[in-house]
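One structure is given below, encoded as structure tokens.
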Amino acid sequence: MKTNETRVNAPWLRLDNAAKLYPAIQKKGWSSVFRLSARMREKVDPSLLQKALEQTLPRFPGFAVRMRRGVFWYYLEHNAGTPLVRPEAANPCRRMRWHENGGFLFRVSYYERRIALEVFHALCDGTGGMAFLKTLLARYQTLKGNAVPAADGVFDVEQAPRPEELEDAYARYATSSVRQSRREPKAYQVRGRRAPKNMLHIIVGELDTVKALAAARGFGVTLTEYLVAVLIRALYLQQKSAGKRGIKPVKVSVPVNLRRFFPTESVRNFSQYVNPGIDPNYGDYSFEEIAEQVHHFMRMNVNAKFLNARMAVNVASERNPLTRVMPLFIKKAVLALIFRRVGEALFTSTLTNLGAVRVPAQLAGHVERFEAMLGPSYKNPVNCAAVSFENRLAVSFASTICETEVERLFFTQIVKHGVPVKIESNRT
Amino acid sequence: MSYCVNCGVELDRTAKRCALCATEVVNPRSPVDTRSPRPFPGYVDRLGAADSRFSALFIVMMWALPSAICVAVNLLFHSSGFWAAYPVGALGLVFLCAGLPALFRRVSVYVFLLIGTCGALAYLYLIELLGPTHGWWAAVALPITLAASASVFVLVALGKRKVRPLYLCCIGMLAPAAVSVAVETTCLLYITGAVTLRWSVIVTVVCLSISLLCLAIGRNSRAMAKLQRRMHI
């Protein structure tokens, strides 16, 4: 058992700017957990997976941590324990209780041919999570006798971790003197009958990446813009069919990987959200019009200067002397209240596209596809995540309501555009 | 492989219905594969109840400390009369109703209701013992407490049978009506010896109206669906 002296001397990390929000807003209905998974070509061996995890974890010190409560901020402290792999449950992305699971803020699970990694968002974003998952898979295959080199995003577990990987990139790059306002009009919120307690309804659609890209190019947009436009259209039609008075804007929150604009090797959080959308009060929108709106919004807002200004606002809030000296229990309550009233009210749903996953050829032959999933959130019951691997694009919907109208409108629109879709679900 | 005739999407071979529109899969050429593993496991992981032990300890401390302070102050500074019995009794009742369920989670809720009822009756008896007037426990406190407890028992039993919320509301609104009639009747019998119901009639009329409204909405599926959407939390 560790002595108090050992615990005091254990290495610790401050939470990065984005991570400071997540412990404050996490509750039963809002887990701040996302999931990345890989479907292998063979059934998973749990004992080998456990060994692979034990060998991978030391390479990622940002994952070998536990959450601790300070007087003014939460912080992360080194966790010398050993996380255990476990069978996957039907309700992924459950809330992470900090005293459970050995104090670890991530879970590795398996089911048939799938290996899944669920991560509390305070540790890292999708890029960081994918680096961990790829390294874990590489280690797993190596233990199976198929050596996988440390390339294409796979970290070398024999190498010591580098301090650059734990950098708070927000603090380094938020240099803009412009404080871009966070005010936006409130968006439409999807409503429906709540799913049974603790349950998350999942629908995964597998698309042909080449055909999806061709469909996107047919509308003159990127794949992400195309998926966002399809989702906006689905939400827009769902709002119309709900028949409520007072039509509100339909917006989708899209995380942007800031590493594209600000180079860093950090595997922690480093993304910013933009909220493209339409306002149906201006009139009926066709799909082409929605795609054009999204395209121009992204062109306008997704650039280094604008993103820096948005980052700067958040970092300035964190650095405000009044914020810093406020005791944590007050800060937590205020942050949670503000985010629940304002944060998620600004968009209708979230769509994250992790892009094309590349792995070394020695690993690619053993992986069938990658999947990503977002955990439940407080106000937005339907969220979407996409990731592609070779020619398979997996679009996953995670929902806390029983109705599937949004998902149905989304996938049927894609089918109408000539892109075949295959559906899998945990809805019985 | 099968496709949904409604949505046009390809379905997993183990799917019995389309996940998007719930259309049943009927494909004689490719029947539903019931032997292969499904895409997702069936086991649902419930969040553990680890926190309740801390809450239970906290509740015990919240009861024990003030009780001890009250008793100590009573004995040391105010030796005439044992007034500490009132706060200690009240805290004891809170402990029985809230602390015990947190400490013993596997015991049936009906046992806790029974313990709570007995605790409430005991506390009221203690007040009668220590107070200036006597005789009201059997005449007033006992019937009112039993009437209130019976209502709670009925509501809990209905809740456990998974009655639809509006029907539960419909029956639930009858409980305050019944309790108000019991309270006014008992009090009037004790004070005047004659029963002339007044305010409990108003309460009963209001509760009955709400109950009938809930019943009417509950029987109308369209109104129900609309209400569920609007009242979604």
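The values are calculated or read from the model by the stated rules, or taken from the named source; none is laboratory data. Keep in mind that this is a model prediction, so the values were computed, not measured. Heads up, the Cβs are rebuilt from the backbone with ideal geometry, glycines too, and the neighbour counts pull from every protein chain shown. With ligands, DNA and RNA removed, areas are computed over all heavy atoms of the protein, side chains included. Shrake-Rupley method; radii C 1.70, N 1.55, O 1.52, S 1.80 Å.
An oblate overall shape is assigned to chain A, the ratio a/c of its alpha-carbon gyration tensor axes (a ≥ b ≥ c) being 1.5 or greater and a/b not exceeding b/c. Relative to the longest principal axis of the Cα atoms of chain B, helix B:142-160 runs at roughly 10 degrees. Distances between every pair of Cα atoms in region B:1-45, grouped in 10 Å steps from 0 to the bin holding the largest one, split as 28, 52, 18, 2 percent. What is the Cα centroid distance between region A:346-422 and region B:102-153, reported in whole angstrom? So the two Cα centres are separated by 56 Å. Solvent-accessible surface of chain A, averaged per residue with a 1.4 angstrom probe and all protein chains in place: 41 square angstrom. Given a Förster radius of 51 Å and the C-beta distance between B:Y43 and A:A150 as r, what FRET efficiency does 1/(1 + (r/R0)^6) yield to the nearest 0.05? Result of the calculation: an efficiency of 0.90. Take each residue of peptide A:410-423, count the partner chain Cβ atoms within 10 Å of its Cβ, and average: the result is 4. Among B:67-75, A:219-227, B:10-18, the peptide with the highest mean count of other Cβ atoms within 10 Å heads the list, and the full ranking is A:219-227, B:10-18, B:67-75. Which of the residue pairs A:K20/A:K51; A:K379/B:K226; A:K134/A:K416; A:K186/A:K422; A:K251/A:K422 have a Cα-Cα distance greater than 28 Å in the structure shown? Cα-Cα > 28 Å for A:K20/A:K51; A:K134/A:K416; A:K186/A:K422; rest within.
Taking the longest Cα principal axis of chain B as reference, the axis of helix B:174-191 is set at about 10 degrees. What is the calculated FRET efficiency for A:E164 to A:E289, with r their C-beta to C-beta distance and R₀ = 51 Å, to the nearest 0.05? The formula returns an efficiency of 0.70 here. Counting every C-alpha pair in chain B, the share spaced more than 30 angstrom apart comes to 57%.
Computed about its Cα centre, the charge dipole of region A:201-425 is approximately 860 debye, with only Lys, Arg, Asp and Glu carrying charge at their Cβ. Full extension of the chain segment joining A:D45 with A:A242 gains 66.2 nm, where the gain is 0.36 nm per residue of separation less the Cα-Cα distance.
Contact-buried residues of region A:64-97, at a threshold of 20 Å² lost accessible area versus the chain by itself: A:E88, A:A89, A:A90, A:N91, A:R94, A:R95, A:R97 (1.4 Å probe; DNA, RNA and ligands ignored).
Positive-end ranking of A:P420, A:I232, A:G277 along the dipole of region A:201-425, with charges on Cβ about the Cα centre, is headed by A:G277.
This model, with +1 at the C-beta of Lys and Arg and -1 at the C-beta of Asp and Glu, gives chain A a dipole about its Cα centre of some 1500 debye. Buried accessible surface for the A/B chain pair comes to about 3200 Å², total over both chains, computed with a 1.4 Å probe.
Note on chain A: GNM, Cα springs under 10 Å; of A:S349, A:S396, A:S47, the largest mean-square fluctuation is that of A:S47.
Averaged over the residues of peptide B:34-40, the number of Cβ atoms from other protein chains lying within 10 Å of each residue's Cβ is 5.
Expressed as a whole percent, the accessible area of region B:118-192 that falls on carbon and sulfur atoms is 77 (1.4 Å probe). The Cα atoms of region A:145-274 define a convex hull whose projected area, averaged across directions, is 14.4 nm². Of all DSSP beta bridges confined to region A:201-425, the antiparallel ones make up roughly 80%. Solvent-accessible surface of chain B, taken per residue with a 1.4 Å probe and all protein chains present: 64 Å². Here the 3J(HN,Hα) profile of region A:257-267, calculated from phi with Karplus coefficients 6.51, -1.76 and 1.60 at θ = phi - 60°, is 6, 6, 5, 5, 9, 10, x, 7, 9, 4, 9 Hz, Gly and Pro shown as x.
Placing unit charges on the Cβ atoms of the charged side chains and taking the dipole of region A:3-162 about its Cα centre, the candidate lying farthest along the positive direction among A:A24, A:N79, A:A138 is A:A24. Note on A:R14 and A:E184: the extension gain reaches 58.2 nm, defined as 0.36 nm multiplied by sequence separation minus the Cα-Cα distance. When the Gaussian network model of chain A links Cα atoms closer than 10 Å, the mean-square fluctuations of A:H296, A:H121, A:H78 top out at A:H296.
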